[in-house]
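Below is one structure, written out as structure tokens; the observations come after it.
Derivation of every value follows stated rules applied to the coordinates shown; laboratory data play no part. If you're wondering where the values come from, they're calculated on a predicted model, not measured in any experiment. Cβ: placed from backbone, ideal geometry, glycine included. Neighbour counts: every protein chain shown.
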Amino acid sequence: MDILEIRNVTKTFRTRTFWGKTKEVHALNGVSFTLKKGESLGIVGESGCGKSTLANLIIHLIEPTSGEILLYGKDISHAKEAEVRELRKKVQIVFQDPYSSLSPRMKIGDILMEPARVMKEFTEKERKERAEMLLGVVGLRKNVMDRYPHEFSGGQRQRISIARALMTRPDILILDEPTSALDVSVQAQVLNLLMDLRGKLNLTYLFISHNLAVVRYISDRTAVMQRGKLVEIGDSDQILTHPSDDYTKELIAAVPMIGKPFKEPEHLMELGGLDG
Ligand SMILES: Nc1ncnc2c1ncn2[C@@H]1O[C@H](COP(=O)(O)OP(=O)(O)OP(=O)(O)O)[C@@H](O)[C@H]1O
Ligand SMILES: [Mg+2]
């Protein structure tokens, strides 16, 4: 079953230049693809090609200029407030920067429970139990509920962000460069956690990264974007070993290690200290 369908989506931003002229940026230009339940789709492409714009459209932080975004077959591209609240239960996002995405003045427990409170999901007791359970799932102790974000490392903060994203029992996780800000050994641990969670919770992933090796490791299929367009989509191994599009070939050529199999994160873990 297609859980998400992006149909010919276009997003144009109008901005003003320093001199007061209006400038149009075509961030997305006729993008279409589908996502099946339980699948993991990687999105790669150079900086500014429209990856985050796509993520923001799916969680309805912004609306498309044209085209449709279907969640369970229903167009949500111009959803109203109540609909958006329902949508956010089902589609959650984890951002790149674990330092700015957790409110510094809130305790970890409140950071986890707040979205569910706003969405009126569960009773307060259930929210607390679920928050403690999820902290365990991501490899942290439940006694961290009363602590503040500054007491945690980057890798631990990203685990907290993942736990928060899972609070409302979402089906889809959008991961926008979730490990790019982490050092390599910690990156591997978080990737392993994501792989593990996907199987256990039957999650569907949209995994955005500029790291082709990481995308190949975590995604069944990969979509390649260039300047707002989707230039190639298909089986990750196939695309990253036998690309048909010239731009994909260029992307791969820019990363010498992609021709070789991605080093297993277990191996990388041995290199770094244990985090969390
Ligand atoms: N709110 C906005 N207002 C104006 N232009 C925007 C806005 N958001 C994005 N853009 C522009 O749209 C284009 C796509 O941006 P986007 O953030 O989606 O790229 P990206 O692929 O996520 O890049 P990166 O890999 O650097 O994160 C860029 O040219 C960007 O400057
Ligand atoms: Mg981005």
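Assorted remarks:
- The order of the peptides 207-214, 98-105 by mean Cβ neighbours within 10 Å, most packed first, is 207-214, 98-105.
- Backbone geometry of the range 124-131 corresponds, through the Karplus equation with coefficients 6.51, -1.76 and 1.60 at θ = phi - 60°, to 3J(HN,Hα) couplings of 4, 5, 5, 4, 5, 4, 5, 4 Hz, x marking Gly and Pro.
- Here is the list for the range 1-91: chymotrypsin sites (Phe, Trp or Tyr not before Pro) lying in DSSP coil, each with at most 14 other C-beta atoms within 10 angstrom of its C-beta, are 18, 19, 72.
- Note on the range 1-36 and the range 173-196: Cα centroid distance 26 Å, given to the nearest whole angstrom.
- Two-site FRET efficiency, residue 8 against residue 183, from Cβ-Cβ distance with R₀ of 35 Å, rounded to 0.05: 0.30
- Positive-end ranking of 218, 42, 95 along the dipole of the chain, with charges on Cβ about the Cα centre, is headed by 95.
- DSSP-defined beta bridges in the range 2-271 - what % are antiparallel, rounded to 5: 60
- Semi-axis lengths (Å, descending) of the ellipsoid that matches the C-alpha gyration tensor of the chain: 29, 25, 18
- Couplings 3J(HN,Hα) of the range 44-58, computed from phi: 10, x, 5, 4, x, 7, x, 5, 5, 4, 4, 4, 5, 5, 5 Hz, in residue order, whole Hz [Karplus 6.51 cos²θ - 1.76 cosθ + 1.60, θ = phi - 60°; x for Gly and Pro].
- Fully extending the segment from residue 150 to residue 99, taken as 0.36 nm per residue of separation minus the present Cα-Cα distance, adds 17.5 nm.
- Net dipole in debye of the range 2-271 [+1 Lys, Arg Cβ; -1 Asp, Glu Cβ; about Cα centre; nearest 20]: 800
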